[in-house]
Structure formats: C-alpha cells, structure tokens
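J.: Could you have a look at this structure, given as structure tokens, before my questions?
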Amino acid sequence: MSKINVGIVGYGNLGQGVETSLSYNDDFNLVGVFTRRDPKSLNTKAYHVDDILDFKENIDVLILCGGSKNDIPETREFYSTHFSTVDCYDNHKDLLNHYKILDSITKENENVSIIGTGWDPGVFSVQKLYSESFLPNGESYTFYGPGLSQGHSDAVRQVNGVKYGAQYTLPNDHLVKEIEDGKEVNYTKEAAHIRDVYIVSDNTRTDEDIKEEIFNMPDYFKGYETNVYFISEDEFKENHQNLNHGGYVLRRGFTNNNQATYKIELNLDSNPEFTASVAVASARAAYRFLKDKNFGAKSLFDVPPSYLSRRTTEEMIQSLL
C-alpha cells in the first residue's frame, strides 16, 4: 500500500499525540501540522491553518484535533468540503446531527469523514455494540475514570473567567458495587459518574457566576453531581498536569439461565495519546474507504476491523484468529 499523506489540524495534546502515533506507523507520511499559532514557534513541520487549502492536493486524510465544544462544530463543514477527515468529536448528544451534516457534505464532495474516534465515543462504542449483539438478553453499563477528561476540561476552559481548568470524571463506586453484586439498579450516565472541576480564576468574574455557568452547561455538566474547586495557579501547575484516564464497559447478560459478563477495561497513562492512536488507525480506514469510492460519513461501527490494520487478511488470520 502506498503511503497515506496526512495533515494534522491543531497542535495541543491531541495533535502532538497524533504526530507521535504516526511515527509508529510507517505507512503514513505527515504532510504537516496546521495551527493558529505562529508555525515558527513549533518544533515540527508546521504551517498556518489559513494556508491549508494550498495543500489540498497533497493530503489524503486530515485529522482534526480541535476541541469538541467550539472548534469542530465551527469548522466541520469547511474541512469536510475540502478534505477527507477523521475527528475525535465527543459530544455524544450531538453525534447523530454531526454525522448527518458530514454525510451530506462528504457525499456531495466525494470525501470521507470518520467521526467520534477515540475510546469513548469510539472503542467503547464498538464494544457496547459487540456485547449487546452477543448477549441480547442483558444490560450494559459504562463507567469512566477516575481520570482527566479532555473534552470536559476543554469545555471548562471556554468559560469566561477561567484561566486554567481541569475536569476529572469519577465513577459512582456505590452503583458499581450494586451491579457487581447482581442487584437491579437504575443506571444513567448522570447517576453513574461524579465530575470534579479544578479552576484557576482570572478574577474577571465571581466564583459563584463561574460555578453557575459550569453547573448548567448542557451536554457536559447539567444533570451530573459536579464539584467545582478554585485553586491557585501554583497548585494547578503542580497537581493537575497528568493526562491519565480510563474506564470500562460492562454487560451483564444471560444465556438461558446462566449469567455471562462481558467486560473491556482501559487504563491510560495518557488519554490524548491513546485517543490519537485510534484516530490514526481510523485515518487508515478513511483512506481505504476513499480508494473504494465509498464516500460519506462513517463511525467506527461502519469500519471493518481489517481496515484499521496494516496486516493482510492472511496475516490477520494466521496471527490473530
């Protein structure tokens, strides 16, 4: 297979993770990083994002590494018009709308967009589909954390008055214990998780105003038990720079009168680096869809597992089946 020419939009933790992941996959060629920052300030092959159309003919797949709250919704139509794309959009409630918008644009422009890659949405979504298909008589539960959420932290940083912000997702241990004990539970994502937010204020708003905006932020915090803590900049820099996260999908099902438990768990030292690795594998799949002229928006549900791998069918059967 010829080299897949990739561009990266955005050079935060996720964009840097994509660059690292590409170095482990020698079927890719990095055309460049496209950023709003001064390209000369970055120690990589970088260009200003305003110049990206100059590279349109040189890029097979563009990996979008902007935030889900503002960046992707504001730019998705432009990028999917001109490029085949992969994104890590993680606003679960907007994903169907996101899919419909990109499906129309990419089919019209003969491009491909693979949406919602990463571990949730993404890897966990596929595992939920597998487990429900294998155990139709049962219930599924997803728990996140404890760990730092990229998307929610980005959303916090968009709030006026926030200088630095980090959001940690914590599983509701009491609910987990009840499920493990075989008890019937009233599971919802909101009841299953607690959100802890650590903020350094820029002192342009009151703490109460900042907290109120966070508590009522739809799709991110509204409906969840949320704790907001205001701390010093020194404490933030000392204690809130780790990027670890994880979680698990659990399905408790029944085959006749026998219980079966399906569980997949992730423990990640670096949330963005693992998310980036899934995005890179998805870029390989996007390239293959493009070569097949199978245009339109896709999720990982639509991606054949073989499209994610460099291996041939024979290699996969011999070593993995």
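Rundown of residues vs (1) of a type in the set (A, V, I, L, M); (2) out of contact with any Gly (no Cβ under 8 Å at 6 or more places or on another chain), yes/no style:
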{"site": "Asp219", "(1), (2)": "no, yes"}
{"site": "Asn227", "(1), (2)": "no, yes"}
{"site": "Ile231", "(1), (2)": "yes, yes"}
{"site": "Asn239", "(1), (2)": "no, yes"}
{"site": "Arg252", "(1), (2)": "no, no"}
{"site": "Asn258", "(1), (2)": "no, yes"}
{"site": "Thr261", "(1), (2)": "no, no"}
{"site": "Ile264", "(1), (2)": "yes, yes"}
{"site": "Asn267", "(1), (2)": "no, no"}
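J.: Sticking with this one: Give the residues of segment 104-127 that are surrounded by fewer than 17 Cβ atoms within 10 Å (Cβ to Cβ) and of a type outside the set (Ser, Thr, Tyr), sorted by residue number. Let's see the steps before the verdict.
T.: Step one: of segment 104-127, the residues surrounded by fewer than 17 Cβ atoms within 10 Å (Cβ to Cβ) are 104, 107-110.
If the condition is that a residue be surrounded by fewer than 17 Cβ atoms within 10 Å (Cβ to Cβ) and of a type outside the set (Ser, Thr, Tyr), then Lys107, Glu108, Asn109, Glu110 are the ones that fit.
J.: Which strands (runs of 3 or more DSSP E) sit wholly inside segment 3-64 and have at least 1 residues that are in contact with a Cys (Cβ under 8 Å, 6 or more places away or on another chain) and either among the aromatic types (Phe, Trp, Tyr) or surrounded by fewer than 21 Cβ atoms within 10 Å (Cβ to Cβ) (or both)?
T.: Values: elements: 4-9, 28-35, 46-48, 61-64.
Correct list: empty, since no element meets the threshold.
J.: So the check is Cβ under 8 Å with 6+ separation or different chains; which pairs have a first residue in segment 121-149 that's farther than 23 Å from Ala166 by Cα and part of a strand (DSSP E or B) and a second one that's of a type in the set (A, V, I, L, M, F, W, C) and open to solvent by less than 10 Å² (accessible area, probe 1.4 Å)?
T.: Close Cβ pairs (under 8 Å, with a partner that is of a type in the set (A, V, I, L, M, F, W, C) and open to solvent by less than 10 Å² (accessible area, probe 1.4 Å)) amount to Ser140/Val249; Tyr141/Ile179; Tyr141/Ala192; Tyr141/Val249.
J.: Against the definition (over 19 Å from Val18 (Cα atoms) and part of a loop (DSSP other than H, G, I, E, B)), how does Lys69 come out, yes or no? Don't jump to the end; show me each part of the working.
T.: Details: over 19 Å from Val18 (Cα atoms): yes; part of a loop (DSSP other than H, G, I, E, B): yes.
So Lys69 passes the test.
J.: Restricting attention to segment 251-260, does a residue exist that is of a type in the set (Gly, Ala, Ser) and in contact with a Pro (Cβ under 9 Å, 6 or more places away or on another chain)?
T.: Step one: of segment 251-260, the residues of a type in the set (Gly, Ala, Ser) are 253, 260.
Pick out the ones that are also in contact with a Pro (Cβ under 9 Å, 6 or more places away or on another chain) and you get 253.
For segment 251-260, residues of a type in the set (Gly, Ala, Ser) and in contact with a Pro (Cβ under 9 Å, 6 or more places away or on another chain): present.
J.: Only one residue in Ser299, Ser319, Ser277 is surrounded by fewer than 17 Cβ atoms within 10 Å (Cβ to Cβ), modelled with pLDDT of 95 or more and among the small types (Gly, Ala, Ser), so which one is that?
T.: On the way: Ser299 fails: surrounded by fewer than 17 Cβ atoms within 10 Å (Cβ to Cβ); Ser277 fails: surrounded by fewer than 17 Cβ atoms within 10 Å (Cβ to Cβ).
Of the residues listed, the single one that is surrounded by fewer than 17 Cβ atoms within 10 Å (Cβ to Cβ), modelled with pLDDT of 95 or more and among the small types (Gly, Ala, Ser) is Ser319.
J.: Among (1) closer than 27 Å to Glu265 by Cα; (2) in a loop (DSSP other than H, G, I, E, B); (3) of a type outside the set (Lys, Arg), there is one condition Tyr168 misses while meeting the rest; what is its number?
T.: That leaves (2) as the condition not met.
J.: Do we find a residue being modelled with pLDDT of 90 or more, closer than 25 Å to His240 by Cα and assigned to a strand (DSSP E or B) anywhere in segment 175-193?
T.: Yes, that holds for at least one residue.
J.: Consider segment 199-208. How many of its residues are assigned to a helix (DSSP H, G or I) and exposed (fewer than 13 other Cβ atoms within 10 Å of the Cβ)? Give the derivation first.
T.: Within segment 199-208, the first condition is being assigned to a helix (DSSP H, G or I), and the residues that meet it are 207-208.
Still in the running and exposed (fewer than 13 other Cβ atoms within 10 Å of the Cβ): 208.
Matching residues across segment 199-208 total 1.
J.: Residues of segment 143-167 being over 16 Å from Met217 (Cβ atoms) and open to solvent by 10 Å² or more (accessible area, probe 1.4 Å), which ones?
T.: First pass over segment 143-167, keeping only residues over 16 Å from Met217 (Cβ atoms): 143-148, 163-164.
If the condition is that a residue be over 16 Å from Met217 (Cβ atoms) and open to solvent by 10 Å² or more (accessible area, probe 1.4 Å), then Tyr144, Gly145, Pro146, Leu148, Lys163, Tyr164 are the ones that fit.
J.: Identify, please: which residue in segment 238-267 is more than 19 Å from Ala192 (Cβ to Cβ) and not in a loop (DSSP other than H, G, I, E, B) and is, among those, modelled with the lowest pLDDT? Quick ask: steps written out before the conclusion?
T.: Initial filter on segment 238-267 (more than 19 Å from Ala192 (Cβ to Cβ)): 238-244, 254-260.
Still in the running and not in a loop (DSSP other than H, G, I, E, B): 238-239, 243, 254-255, 258-260.
Numbers: Glu238: 95, Asn239: 94, Leu243: 90, Phe254: 90, Thr255: 93, Asn258: 92, Gln259: 87, Ala260: 90.
The residue in question is Gln259.
J.: Take Ile101 and decide whether it is part of a helix (DSSP H, G or I), open to solvent by less than 20 Å² (accessible area, probe 1.4 Å) and over 25 Å from Arg311 (Cβ atoms). Walk me through how you get there before you give the answer.
T.: Numbers: part of a helix (DSSP H, G or I): yes; open to solvent by less than 20 Å² (accessible area, probe 1.4 Å): no; over 25 Å from Arg311 (Cβ atoms): yes.
Considered against the rule, which asks whether it is part of a helix (DSSP H, G or I), open to solvent by less than 20 Å² (accessible area, probe 1.4 Å) and over 25 Å from Arg311 (Cβ atoms), Ile101 comes out as no.
J.: For segment 126-138, what are the residues that are of a type outside the set (Gly, Ala, Ser) and more than 17 Å from Gly247 (Cβ to Cβ)? Steps first, answer last, please.
T.: The first filter runs over segment 126-138 and keeps only residues of a type outside the set (Gly, Ala, Ser), leaving 126-130, 132, 134-137.
Once the filter is applied, which keeps residues that are of a type outside the set (Gly, Ala, Ser) and more than 17 Å from Gly247 (Cβ to Cβ), segment 126-138 yields Glu132, Phe134, Leu135, Pro136, Asn137.
Per-residue answers, yes or no, for (1) among the aromatic types (Phe, Trp, Tyr); (2) out of contact with any Phe, Trp or Tyr (no Cβ under 9 Å at 6 or more places or on another chain); (3) exposed (fewer than 13 other Cβ atoms within 10 Å of the Cβ):
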site	(1), (2), (3)
Val197	no, no, no
Lys211	no, no, no
Glu233	no, no, yes
Asn242	no, yes, no
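J.: Can you tell me which of Phe221, Phe289 is crowded, with 19+ Cβ neighbours inside 10 Å, in contact (Cβ under 8 Å) with a residue 40 or more places away in the chain, part of a helix (DSSP H, G or I) and under 23 Å from the mean Cα position of the chain (by Cα)? Outline the logic, then answer.
T.: On the way: Phe221 fails: part of a helix (DSSP H, G or I).
Among Phe221, Phe289, only Phe289 is crowded, with 19+ Cβ neighbours inside 10 Å, in contact (Cβ under 8 Å) with a residue 40 or more places away in the chain, part of a helix (DSSP H, G or I) and under 23 Å from the mean Cα position of the chain (by Cα).
J.: Please specify each residue of segment 1-44 satisfying the condition of being more than 17 Å from Thr275 (Cβ to Cβ), in contact with a Ser or Thr (Cβ under 8 Å, 6 or more places away or on another chain) and aromatic (Phe, Trp, Tyr).
T.: If the condition is that a residue be more than 17 Å from Thr275 (Cβ to Cβ), in contact with a Ser or Thr (Cβ under 8 Å, 6 or more places away or on another chain) and aromatic (Phe, Trp, Tyr), then no residue fits.
J.: Name the residue that is surrounded by the most Cβ atoms within 10 Å (Cβ to Cβ), counting only residues in segment 72-93 that are touching an Asp or Glu at 6+ places or on another chain (Cβ under 7 Å) and in a helix (DSSP H, G or I).
T.: Residue satisfying both the conditions and the ranking: Ile72.
The values are calculated or read from the model by the stated rules, or taken from the named source; none is laboratory data. Being a predicted model, the structure only gives us computed values, none of them experimental. Here the Cβ is made from the backbone with ideal geometry for all residues, glycine too, and neighbour counts use every protein chain on show. Keep in mind that these areas ignore ligands, DNA and RNA; they rest on the heavy atoms of the full protein, side chains included. Shrake-Rupley method; radii C 1.70, N 1.55, O 1.52, S 1.80 Å.
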